[in-house]
Structure formats: C-alpha cells, structure tokens
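Encoded as structure tokens, the structure appears first; notes follow it.
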Amino acid sequence: MKRVITYGTFDVLHYGHVNLLKRAKALGDYLIVCLSSDEFNAIKNKKSYYTYEQRKMILEACRYVDLVIPENNWEQKVDDVKNYHADIFVMGDDWEGKFDFLKEHCEVIYLPRTPDVSSTQTKDYLAKKA
Ligand code: C2G
C-alpha cells in the first residue's frame, strides 16, 4: 500500500489541479491531500474564493483523493509524512527543490505544472465578465 501526500489551496478546482491529483494518485494507492486552511492561506497571502470546508467538500468528490486533512503551517510536513506513513511527497514543479528536506523521510517528486490554467486567471476572467 503506497501512500502519496500532497499540499495546496486547491481553490476553484480546475483541470490543472485534477491533472496533478490524477498523476499523484497514479504513483501509489492512496492519496492524502493536505488542504490549506483559510488561516494558512492568509499566511501564504492567498485569498480563497471558497472556504476551507467548501474546498474540502469539492476535493473529497474527486475520484483521485482518499483523504483531506488541514494544512495549517509550513512546519507540519515532516510530522504529516511520519504520522500518515506517506511514502511519496508530490508537488507541482513550481515548488521544484523547495521540499527536498523531506527526502530523508520519503520520496519527493515534483510534477510538471499544467500550463495556462490557474484559479487566479479564472477568477479574474469571471470578475471581468460580471
Ligand atoms: N498546479 C498544477 N498546475 C496548475 C496549477 C496548480 O500542477 N496549472 C499544482 C500546484 O503545483 C500544486 C497544486 O496544483 O502542486 C495545488 O496548487 P495551489 O492550490 O496553487 O497550491 P499552492 O498555493 O502552491 O500551495 O505547502 C505547500 C503549499 O500549500 C502549496
């Protein structure tokens, strides 16, 4: 049973997110998504359109996701990998190298981002249409 873990805000879920989740799940048997809390988003200077609970509900509807837990800070990843027995840590390659400290605890894989799609782009487009 290979367990994969990934992190993110996943606001206004789009096909770039799903493409990441799909490839992450394909690396193992069980995918844990650590979803940024609204408070941690503020620390990341990100304002989500959807609340944590709404983003969690949407992610839980995704066929590739097995468990959604909160991401509350930058420091929890080593504990998460240990506590959830994660074998593989996956992030999009916009984070290339940033989490290599996890390599002593699990495999670290950065996957190519899906080009030309982002929550911000979608939100800006919809705001202009309003
Ligand atoms: N992603 C992607 N392609 C896109 C957009 C996003 O592959 N077009 C990936 C990102 O690389 C990330 C995941 O989808 O792995 C979630 O993206 P965000 O919600 O933007 O996550 P981020 O704000 O980068 O949070 O501790 C880590 C942070 O919580 C990561």
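I need the shape label for the range 38-94. Rule: rounded when a/c is under 1.5, else prolate if a/b > b/c, else oblate, with a, b, c from the alpha carbon gyration tensor.
Working: a/c = 1.74, a/b = 1.18, b/c = 1.47.
Cα axes put the range 38-94 in the oblate bin.
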Scalar couplings 3J(HN,Hα) for the range 28-41 by Karplus 6.51 cos²θ - 1.76 cosθ + 1.60 (θ = phi - 60°), nearest whole Hz, x for Gly and Pro, are x, 10, 8, 10, 9, 10, 8, 8, 4, 5, 4, 5, 5, 4
Size of the chain along its principal axes in angstrom, Cα-based, largest extent first? 48, 28, 27
Sticking to Cα atoms, compute the Rg of the range 68-130 to one decimal and its Dmax as the biggest Cα-Cα distance, whole number, in Å. 15.6, 49
Fewest-first sequence of S118, S48, S36 by Cβ atoms within 10 Å of each Cβ: S118, S48, S36
Of K2/K123; K22/K46; K44/K82; K22/K103, which sit over 28 Å apart, Cα to Cα? K2/K123
Fewest Cβ neighbours within 10 Å first, please rank W74, W95 accordingly. W74, W95
Give me V68, V78 ranked fewest to most by other Cβ atoms within 10 Å of their Cβ, as a rough exposure proxy. V78, V68
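Bear in mind these aren't lab numbers, they're just calculated from the coordinates by the rules spelled out. As the structure is a computational prediction, the values presented were derived from the model and not from experiment. Neighbour counts are summed over all protein chains in view; Cβ atoms, including those assigned to glycine, are modelled from backbone coordinates with ideal geometry.
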